[in-house]
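No value in this document is a laboratory result; all are computed from the given coordinates. Quick caveat, the model's predicted, so the values are computed rather than measured. Cβ: placed from backbone, ideal geometry, glycine included. Neighbour counts: every protein chain shown.
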Amino acid sequence: MSLELRLALRWVWLIVSLIVLGVLIAPFILPEAALARLVPVCEAKVKANRECALCGMTTAFLAISNGRFADARAANRGGPSLYALFVLNEILMLAVLARVPARRWLCPH
């Protein structure tokens with residue numbers, strides 16, 4: 001893999017990880033009503049009157065953030081697993097950031 005590609009992938013991972021961090025932190029900062037207004041309505045529900053694989057995910061994440069794991073599983077069975085993957089991603093990103101000097105993120109030569 002070329003050096004430029006590795007650098008680009010690192011930056012993409014960092015940016016995605018920052019977005020994921022925002023998703024994980026938002027339920028602790030914003031009230032549920034404010035989050036409900038920010039999250040778009042599911043297009044599958046609107047257009048086809050059916051649920052998609054992510055329907056209920058916001059409710060599941062809010063429930064997990066409040067320690068209501070049974071409610072999270074009821075809202076979306078994949079919610080707890082996706083939340084766990086998000087947390088694992090953040091832990092890995094912190095480990096990489098701690099290990100890799102900042103100058104290697106900018107110019108890995």
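Report yes if GLY78 is surrounded by fewer than 12 Cβ atoms within 10 Å (Cβ to Cβ) and among the small types (Gly, Ala, Ser), otherwise no. The answer is no for GLY78.
Scanning the stretch 18-38 for residues that are closer than 27 Å to LEU92 by Cα and hydrophobic (A, V, I, L, M, F, W, C) yields LEU18, ILE19, VAL20, LEU21, VAL23, LEU24, ILE25, ALA26, PHE28, ILE29, LEU30, LEU35. In the stretch 26-109, which helices (runs of 4 or more DSSP H) lie fully inside it and hold 2 or more residues that are over 15 Å from the mean Cα position of the chain (by Cα) and closer than 30 Å to LEU3 by Cβ? Fully inside the stretch 26-109 and qualifying: 79-99, 102-106. If you go through the stretch 1-39 and keep only what is exposed (fewer than 10 other Cβ atoms within 10 Å of the Cβ) and in contact (Cβ under 8 Å) with a residue 24 or more places away in the chain, you end up with just PHE28.
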